[in-house]
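Enquirer: This is the structure, below, for whatever I ask next.
The values are calculated or read from the model by the stated rules, or taken from the named source; none is laboratory data. Keep in mind the model is a prediction, meaning the values are calculated, not measured. Cβ sites come from the backbone with ideal geometry, for glycine too, and all protein chains shown count toward neighbours. Side chains included, ligands, DNA and RNA excluded: accessible areas come from the protein's heavy atoms. Shrake-Rupley method; radii C 1.70, N 1.55, O 1.52, S 1.80 Å.
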Amino acid sequence: MLLSLVVHTYSLRYWFPATFMLGTAPAYVLSWGVWRLLSTVLPARLYHKLDDRLYCIYQSMVLFFFENYTGVEIVIYGDIPKNKENVMYLSNHQCTADWIIADMLAIRQGALGHVRYVLKDGLKWLPLYGWYFSQHGGIFVKRSAKFNEKAMRRKVISQTLCGTPMYLVIFPEGTRYNPELPNVIAASQTFAEREGLSVLKHTLTPRVKASHLAVDIMKDSLDAVYDVTVAYEGTLDDSGHRKPAPSMAEFLCKECPRIHLHFDRVDIKGIPLEPGLFRRWMHNRFEIKDRMLTDFYESEDPDKKCRFPGEGRISPLNLSKSLPSAMILGGLTLPMLLTENGRKLYVRTWVYGTLLGWLWVNISP
């Protein structure tokens, strides 16, 4: 009986925030849809301005759970600009929670609404979310030989011509680094050797097509590239070997006590655009990440173990930046669930939103 109660209580740590985040999605998408219809006769810039604001509200609610609810400590190494910039965000990729890290940095700059992701193609099938992320400027890409350069070019150019504020998040590795998948790591290392590149131990060899295309198209509108290295504390086992980074469910269950973020701002003028030079530049950035992660996980020096170079500063997220959004979305959703007509509207939004997403996936060029 006691064990069952403990297990049930533990599961609630995940199910409560997950239910809230998923449960508010129909109300959010319905609100956004109303604005989308009203804005059809308005300038594109005005639409993007309020769309970014609405997106900021939803993602702030998500951060309420991933930061304030979990109580995770965010330790930042390096100076994050206080002002908003048009940037491309590059990071190592370890788990499903990585996209939240970009939000954590963006909200500290007041740029959360500007975040747009380059996502793997399969995520466009997510009900409501997949379709909406595309509407917000997200770009779905396939890996390696299946990469559709024309589709990405068309999307990035359209966003650039509209003057859309950009905080474009890309994970160049293309797939997650997981120490429990040695075949994936070995294949990446073999590719590096074949191409004459340095072999990386704690990251995968970065792919460059999407990143190079984005920088090449947006070079006149981007201010910088944010090179971010992420390490999740608590991912070493008793024998000192690296374990997989936490999933979103594990994160929400408060299994990650601290996240270390090394931030480096690279001015766009310092990035080579010639494809071969850009590839080398990208690999050099990942060599630096790999050295920092090797020290983080393996160093015998206590001053280097489980930390990045430089001074790390704990950066708590003020409740005033996240709780109001949770209250707003909860307030929009609750009336839909309290009445029979509201519940019907709620279900229809899920169904029609999913149908629209399916049509978009199958009809869009």
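Enquirer: Can you tell me which residue within region 82-98, out of those that are touching a helix residue (DSSP H, G or I) at 6+ places or on another chain (Cβ under 9 Å) and open to solvent by 40 Å² or more (accessible area, probe 1.4 Å), is farthest from residue 325 (Cα to Cα)?
Expert: 86
Enquirer: On the basis of being open to solvent by 40 Å² or more (accessible area, probe 1.4 Å), more than 19 Å from residue 280 (Cα to Cα) and not charged (D, E, K, R), does residue 234 make the cut?
Expert: Here the answer is yes, as residue 234 does meet what is asked.
Enquirer: Filter region 125-181 down to the residues that are among the small types (Gly, Ala, Ser), surrounded by fewer than 20 Cβ atoms within 10 Å (Cβ to Cβ) and within 26 Å of residue 81 (Cα to Cα) and list them by number.
Expert: Selection gives 163 alone.
Enquirer: Of the residues that sit in region 193-212 and are modelled with pLDDT of 95 or more and among the hydrophobic types (A, V, I, L, M, F, W, C), which one is most open to solvent (accessible area, probe 1.4 Å)?
Expert: For region 193-212, the residue satisfying everything is 199.
Enquirer: Restricting attention to region 195-224, report how many residues are among the hydrophobic types (A, V, I, L, M, F, W, C) and within 20 Å of residue 141 (Cα to Cα). Before you say what the answer is, go through the steps one by one.
Expert: So in region 195-224, the residues among the hydrophobic types (A, V, I, L, M, F, W, C) come out as 197, 199-200, 204, 208, 210, 213-215, 217-218, 222, 224.
Narrowing the set further to residues that are within 20 Å of residue 141 (Cα to Cα) leaves 204, 208, 210, 213-215, 217-218.
Residues in region 195-224 being among the hydrophobic types (A, V, I, L, M, F, W, C) and within 20 Å of residue 141 (Cα to Cα): 8 in total.
Enquirer: For region 89-184, give me every one of the strands (runs of 3 or more DSSP E) that falls completely inside it and has 3 or more residues that are free of Cβ contacts under 8 Å to residues at least 60 places away in the same chain.
Expert: Hits in region 89-184: 115-120.
Enquirer: Still on this model: Inside region 71-83, can you point out the residues that are in a loop (DSSP other than H, G, I, E, B) and either of a type outside the set (D, E, K, R) or modelled with pLDDT of 90 or more (or both)?
Expert: 71, 72, 78, 79, 80, 81, 83, listed by residue number.
Enquirer: So residue 57 clears everything in (1) open to solvent by less than 10 Å² (accessible area, probe 1.4 Å); (2) in a helix (DSSP H, G or I) except one condition, right? Which one?
Expert: The single condition residue 57 does not satisfy is (1).
Enquirer: I'd like to know if region 120-131 contains one or more residues that are modelled with pLDDT of 90 or more and either among the aliphatic types (A, V, I, L, M) or closer than 29 Å to residue 319 by Cβ (or both).
Expert: Scanning region 120-131, I find no residue that is modelled with pLDDT of 90 or more and either among the aliphatic types (A, V, I, L, M) or closer than 29 Å to residue 319 by Cβ (or both), so the answer is no.
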